[in-house]
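Worksheet: one structure, shown below.
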Amino acid sequence: MTEETLICEYCDAAMQEMEAAFSYLGRSFRHKVMRCPVCGLVYIPEELARGRMREVEMALEDK
Ligand SMILES: [Zn+2]
């Protein structure tokens, strides 16, 4: 089990985990994200971004 500490590239501050609500294509979902306590920059994990993008692509291909 590895624990990564994300550092904000703008503030050089350690990001903190928080739960955020997202709205995407008319649907809302909650996900824990890392956020900079200084500037509020939210880090979206690549895994999450890719997963959602794939869902969109699949939905588009159906039509
Ligand atoms: Zn920051």
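The values are calculated or read from the model by the stated rules, or taken from the named source; none is laboratory data. Remember, predicted model here, so these are calculated numbers, not experimental data. Virtual Cβ from ideal backbone geometry, glycine too; neighbours counted across all protein chains shown. Heads up: the accessible areas ignore ligands, DNA and RNA and are worked out on the full protein's heavy atoms, side chains in. Shrake-Rupley method; radii C 1.70, N 1.55, O 1.52, S 1.80 Å.
For this structure, a couple of remarks:
- Close Cβ contacts (under 6 Å, 6 or more residues apart or on different chains) running from residues in the stretch 13-40 that are free of Cβ contacts under 8 Å to residues at least 12 places away in the same chain to residues that are among the basic types (Lys, Arg) comprise ALA21/ARG30.
- Residues in the stretch 10-32 that are closer than 28 Å to GLU55 by Cβ and assigned to a loop (DSSP other than H, G, I, E, B): MET15, LEU25, GLY26.
- Taking the stretch 5-20 as the range and being hydrophobic (A, V, I, L, M, F, W, C) and either at pLDDT 90 or above or open to solvent by 100 Å² or more (accessible area, probe 1.4 Å) (or both) as the test, the residues that pass are ILE7, CYS8, CYS11, ALA13, ALA14, MET15.
- Candidate set from the stretch 31-63 (those that are modelled with pLDDT of 75 or more and among the β-branched types (Val, Ile, Thr)); member that is surrounded by the most Cβ atoms within 10 Å (Cβ to Cβ): VAL33
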